[in-house]
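K.L.:
One structure, pasted below without further comment.
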Amino acid sequence: MKTIDFISLGCSKNLVDSEMLMGLMEANGYRCTHDSDDPQGEIVVVNTCGFINDAKEESINTILEFAQAKTEGRIERLYVMGCLSERYLADLEAEIPEVDGWYGKFNYKELLKALPSPPEGRDVKIPVSATTGNQTSLPSGGLGWARHLTTPRHYAYIKISEGCDRHCAYCAIPLITGRHQSRPMEEILDEVRHLVKGGTKEFQVIAQELTYYGLDLYGEQKIAELIDRMADIEGVEWIRLHYAYPTYFPWELLDVMRRRKNVCKYLDIALQHISDHMLERMKRHITKQETYDLVERLRREVPGIHLRTTLMVGFPGETDDDFNELIAFTKWARFERMGAFAYSEEDGTYSAEHYKDDVADDVKKARLDRLMRVQQNISAEIEAAKIGQTLRTIIDRREGAYFVGRSEFCSPEVDPEVLIPADEPLEIGQFYDVRITDAEEFDLYGEVVKVKSEK
């Protein structure tokens, strides 16, 4: 049996696509591995990211690495899928002929047809797509549900839509993924039910822009109804929301977050900037005052909510005054989680075509460093305030002398973790009540006070 190694780059939405294709391949009789330290499979599939320059460079370097492995005879075949090949297919085909096949964001299931004949002479079965290629219900060919989770069994990412209609000046996502397309609600809920049966307890709800969910299918925003119905499914312990947009925010979602105990008081909402000058140039369709009002309302209506945001420095035309407004806003908002990055010009975007990238690289770096220093101090104070609290914590893994877990305020891989001395055995994927005893800038330390946590 041929082994197929998957290398998945970029965001969690890409990871879901990799998991879907792996599941389809395994349903057809192939064997798959994911992101192994030393891929040994005869066939390699690289799922690429094409969002920003650093991600594109990483994707290209990875493809070239495996192209060399093919030239040296260490692998038999090499396939590429994902955002980079969706956007730059013609150029990539010409520049890297060692690749046996290129697939984009939406036709990746066709890769199955290019593989060697499946074991035992099976006919390859590819399910009919109900939506945009990210669907998980597979009604045709007797395949049933096909998804190979690469995360620990107790949590999974649930992609509820693909694409974005927002068209911010700097963003290439609409150029890659196209218009916003929601998955049918019943399909998503069926996927959750299936994963719960397999032991999944925690669900990270993801999309390029989740607040528009349902608008294309049902004529209105349906994210609140979706999350409310997801929370009804027995066995769903935590639901966490990623990648909301501030404009036209669906306020009814806050009622669901406040009312449902298994909907985490956590929201990932990218704000990017605060000065009216920058927000207008970025085409964010929101003002400074509306942004302040939004943050106030989020905190008022969902007490204890932890907000994750992303901010940008160095956008074309950003002045010292604009940046100082951003610093003041960050100090006022006191985001529990915050990431920041310096602007980089992306081909085909509005800003690349209409603005000059006029903020010097050293100025961008200095501004980014200053912004992150401010946030580090805020993070340290927020985490230190948790000392003495008891937090319901799920255990992800053991590392050396510690079990590593997370509270409802922490998403996997990107947020602070809770380190618990491994003095007694704890069960991976189980919930425990943990009293926080110490805090660092981005991590907490605690001790179990109850062997098993209830909801």
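The values are calculated or read from the model by the stated rules, or taken from the named source; none is laboratory data. No experiment lies behind these values; they were computed from the predicted model shown. Reconstructed Cβ throughout: ideal geometry from the backbone, glycine too, with neighbour counts over all protein chains shown. What goes into the accessible areas is simple: the full protein's heavy atoms, side chains included, and nothing from ligands, DNA or RNA. Shrake-Rupley method; radii C 1.70, N 1.55, O 1.52, S 1.80 Å.
K.L.:
Determine which member of the set Asp433, Asp396, Asp423, Asp438 is free of Cβ contacts under 8 Å to residues at least 24 places away in the same chain and farther than 20 Å from Ile305 by Cβ.
P.N.:
After ruling out the rest, the residue left standing is Asp423.
K.L.:
Only one residue in Lys364, Lys386 is open to solvent by less than 60 Å² (accessible area, probe 1.4 Å), basic (Lys, Arg) and closer than 27 Å to Cys410 by Cα, so which one is that?
P.N.:
Sole residue among the options that is open to solvent by less than 60 Å² (accessible area, probe 1.4 Å), basic (Lys, Arg) and closer than 27 Å to Cys410 by Cα: Lys386.
K.L.:
Can you pull out the residues in region 79-92 that are farther than 16 Å from Met20 by Cβ, in contact (Cβ under 8 Å) with a residue 24 or more places away in the chain and open to solvent by 20 Å² or more (accessible area, probe 1.4 Å)?
P.N.:
Passing the criteria: Arg87, Tyr88.
K.L.:
Please go through region 256-284 and pick out each residue that is touching a residue at least 60 places away in the same chain (Cβ under 8 Å) and touching a Leu at 6+ places or on another chain (Cβ under 9 Å). Lay out the reasoning, then the answer.
P.N.:
Here is the first cut: in region 256-284, the ones touching a residue at least 60 places away in the same chain (Cβ under 8 Å) are 261-262, 264-266, 268, 272, 281-284.
Correct list: Cys264, Tyr266, Asp268, Gln272, Arg284.
K.L.:
Can you name the number of the only condition in (1) over 21 Å from Cys168 (Cα atoms); (2) open to solvent by 10 Å² or more (accessible area, probe 1.4 Å); (3) touching a residue at least 60 places away in the same chain (Cβ under 8 Å); (4) not hydroxyl-bearing (Ser, Thr, Tyr) that Arg299 fails?
P.N.:
(3)
K.L.:
Just to check your reading of the model, which residue among Glu72, Glu76, Glu95, Glu42 is open to solvent by 20 Å² or more (accessible area, probe 1.4 Å) and either closer than 30 Å to Gly348 by Cα or of a type in the set (Gly, Ala, Ser) (or both)?
P.N.:
The unique qualifying residue is Glu95.
K.L.:
Could you pull out every one of the strands (runs of 3 or more DSSP E) wholly within region 155-269 that has 2 or more residues that are over 22 Å from Val302 (Cβ atoms), open to solvent by less than 10 Å² (accessible area, probe 1.4 Å) and in contact with a helix residue (DSSP H, G or I) (Cβ under 9 Å, 6 or more places away or on another chain)?
P.N.:
Per the criteria, 155-159.
K.L.:
Taking Leu21, is it in a strand (DSSP E or B) and closer than 19 Å to Gly101 by Cβ?
P.N.:
So Leu21 does not fit the description; no.
K.L.:
A follow-up question, please. Please tell me if Glu318 is outside any strand (DSSP E or B) and open to solvent by less than 50 Å² (accessible area, probe 1.4 Å).
P.N.:
Yes: the conditions hold for Glu318.
K.L.:
Being in contact with a helix residue (DSSP H, G or I) (Cβ under 9 Å, 6 or more places away or on another chain) and among the aromatic types (Phe, Trp, Tyr) is the filter here, so list the residues in region 323-354 that pass it.
P.N.:
Listed by number, the residues that qualify are Phe323, Phe329, Trp332, Phe335, Phe341, Tyr343.
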